[in-house]
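A short write-up of the structure that comes next.
The values are calculated or read from the model by the stated rules, or taken from the named source; none is laboratory data. What you see is a predicted model; the values in this text were computed from it and never measured. Positions of Cβ are backbone-derived with ideal geometry, glycine not excepted, and every protein chain shown enters the neighbour counts. For accessibility, only protein heavy atoms count, side chains too; no ligands or nucleic acids. Shrake-Rupley method; radii C 1.70, N 1.55, O 1.52, S 1.80 Å.
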Amino acid sequence: MELVPNPDSPHSKNSGAISPSSRRQNFSTTSLAAASAGGAATSSSPPSLSRYESQKRRDWNTFGQYLRNHRPPLALSQCSSAHVLEFLRYLDQFGKTKIHTHMCPFFGHPNPPAPCPCPLRQAWGSLDALIGRLRAAYEENGGKPETNPFGARVVRLYLREVREVQSKARGVSYEKKKRKKPPQQQEHHHPPPPPPAA
């Protein structure tokens, strides 16, 4: 999840977000170091991570940075479901999904015809996927399933509430669409032979 620091955020000073220019700079420095090494590490490099695993690692690092920048800083062992909710609300400032307020004339319109001043938020689907990845990463990094703050009931309820509010505000149904069954090929049935004449 790409984060861009917001100067108005209480956690923005050392938010750990990487700007595109510094990311390019880091990439070019890494590329130079690899090129100067002569490309010797071609056969011994580890297999590349899947897109899911890479995203999970980035999300885990982002959450770790959030805990370190928390006032006071928090260790993972001190992290509770309340901190997870705080983190999700913090992420809203980086959202790109327009969520209409009740007063907005476009409330409940999936495709508003004009811009409006309603706030941008993280989309429910993004938050739901994020929590799934962080829940898995927590246990992969030594956390016990029974104390996993990402799997807490209050987090599930929060996500359900976000889904309901966003679906009403945006006029978007989050109901799972039933998969259409592929049309079955009709078998050609031959009519039964006529009964023998008596």
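Among the residues of the stretch 116-131, those that are open to solvent by 40 Å² or more (accessible area, probe 1.4 Å), free of Cβ contacts under 8 Å to residues at least 40 places away in the same chain and part of a helix (DSSP H, G or I) comprise Asp128, Ala129. For the stretch 98-109, the set of residues classified as under 11 Å from Pro119 (Cα atoms) and either among the aliphatic types (A, V, I, L, M) or open to solvent by 60 Å² or more (accessible area, probe 1.4 Å) (or both) consists of Lys98, Ile99, Thr101, listed by residue number.
Just one residue in the set Gly64, Gly95 is of a type in the set (Gly, Ala, Ser), in contact with a helix residue (DSSP H, G or I) (Cβ under 9 Å, 6 or more places away or on another chain), open to solvent by less than 30 Å² (accessible area, probe 1.4 Å) and more than 19 Å from Gly151 (Cα to Cα); that residue is Gly95.
Figure legend. Inter-residue proximity from the stretch 92-107: first residues small (Gly, Ala, Ser), second residues modelled with pLDDT under 90, beta-carbon distance below 7 Å, spacing 6+ or different chains. No pairs are indicated. Of all the residues in the stretch 23-61, those that are at pLDDT 55 or above and open to solvent by 100 Å² or more (accessible area, probe 1.4 Å) number 7. I'd like the residue in the stretch 67-80 that is more than 15 Å from Thr147 (Cβ to Cβ) and either part of a helix (DSSP H, G or I) or touching an Asp or Glu at 6+ places or on another chain (Cβ under 6 Å) (or both) and, out of all such residues, is most open to solvent (accessible area, probe 1.4 Å). Filtering first and then ranking leaves Arg68. Tallying residues that are in a helix (DSSP H, G or I) and under 18 Å from Gly132 (Cβ atoms) within the stretch 147-171 yields 16. Taking the stretch 132-146 as the range and being open to solvent by 40 Å² or more (accessible area, probe 1.4 Å) and outside any helix (DSSP H, G or I) as the test, the residues that pass are Asn141, Gly142, Lys144.
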